[in-house]
Amino acid sequence: MATHTRNLNIPKKLLKLSLDFIKIKIVDTPTILALWEHPLLYFHSKDEVLLKDKETIHTKNKKQYKGIQFELTPYCIYICFKPHYFYNDNKHNANDFSIKNCIKTLTYFTNLFSLDAKYLDIINIEFGLNIIIPKKLICIKELLLLLAYHERNEFYTDKRYPFTRYSTTSNINGKANQYKIIKAYAKGIQYPKITDINTFRFEVKSNRRPFIKSLNIKTLKDLLNPGSYQTLEQSILNEFDKVLILDDTVTPKLSKTKLNTHIKRHNPITWHRYLQKSRNLFRKNFKDYYKSLETCETHLKKELKLLIQKKLQELKKGVHILTSI
């Protein structure tokens, strides 16, 4: 397969960000017809689903190519694609997935299937960042225990994934809101042979167009533009700033009264009470909590942010990239 090179005008101050998952929707009829009959696709499954009206049967025809799933419906094709896994031969996503390698992978995908990226609508996206935490700072298991809230949404654990924490709003029935989900987990425990055991992963996920649009992403064409990744990376930094970590590893330099208040904030019940009273009270105490921690020489969240900022500098090297495998 031919390999082509070119220079992209990639800003040097970029994170090594991993595009974990995208869901693509194609409604362009010629593209649908050509793609579904592409010789590289092979049969995956055929399912029949009874819709809510209890009368209509919806047939789902699925094909795949090396882990990429294609689902044909009467109106469109959906594509579920994990670029980072694909880049690693579908083995893992535990290493750094740089912007150049992400664009390289997405370009390979569009070239392979002769797709015009502007017809590939992005309707679901998941992106994140890996950082290796020095063990002298904190054990990854302990860090996950200390994660309390993202904004006013409490982190919770899915029993199927004990070393993963999630934060999102929920509807009246308790179902998670897919507008924005924050994930934090121990990537090193998931893949101990691939990465350091103390590797921490922080992710942002959404399958709602308003949020994806706020990232200046509409189609796959946008993800072929290096400038779009600045928005994704800034989103990670912004969302991390909203995380509440109950840090009892340091003692702020405060008066006895204020210190007692600070210590009470280590109790999750205290934050439940703030929320019950008002959102503003929660927000005020969040600010006061970190204002108190800033009286210390350093603190846990500050050190984690420094690790992220350090990774921000790592991509200064090697901006000449391949755009086709």
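The values are calculated or read from the model by the stated rules, or taken from the named source; none is laboratory data. Since this is a predicted model, take the numbers as computed values, not measurements. Cβ sites come from the backbone with ideal geometry, for glycine too, and all protein chains shown count toward neighbours.
Below, the figures for the structure above:
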| read-out | value |
| --- | --- |
| Matching residues in the stretch 155-176 - criterion: being at pLDDT 90 or above and either touching a helix residue (DSSP H, G or I) at 6+ places or on another chain (Cβ under 8 Å) or of a type in the set (Val, Ile, Thr) (or both) | 157, 163, 164, 165, 168 |
| Number of the exception - residue 298 against (1) modelled with pLDDT of 95 or more; (2) closer than 30 Å to residue 98 by Cα; (3) in contact with a helix residue (DSSP H, G or I) (Cβ under 8 Å, 6 or more places away or on another chain); (4) outside any helix (DSSP H, G or I) | (3) |
| Given (1) surrounded by fewer than 17 Cβ atoms within 10 Å (Cβ to Cβ); (2) in a loop (DSSP other than H, G, I, E, B), number of the condition residue 252 does not satisfy | (1) |
| Selection status of residue 117, small (Gly, Ala, Ser), closer than 26 Å to residue 33 by Cβ and modelled with pLDDT of 95 or more | yes |
| Residue in the stretch 50-67 that is loosely packed, with under 14 Cβ neighbours inside 10 Å, assigned to a loop (DSSP other than H, G, I, E, B) and at pLDDT 90 or above present | yes |
| Of all residues making up the stretch 159-196, the number that are surrounded by fewer than 16 Cβ atoms within 10 Å (Cβ to Cβ), part of a loop (DSSP other than H, G, I, E, B) and not polar (S, T, N, Q) | 9 |
| Residue selected from the stretch 97-114 under the condition part of a loop (DSSP other than H, G, I, E, B) and over 23 Å from the mean Cα position of the chain (by Cα), by the criterion surrounded by the most Cβ atoms within 10 Å (Cβ to Cβ) | 113 |
| Residue match in the stretch 79-96 (condition: at negative phi, modelled with pLDDT under 70 and surrounded by fewer than 17 Cβ atoms within 10 Å (Cβ to Cβ)) | no |
| Filter result for residue 241 (at pLDDT 95 or above and among the acidic types (Asp, Glu)) | yes |
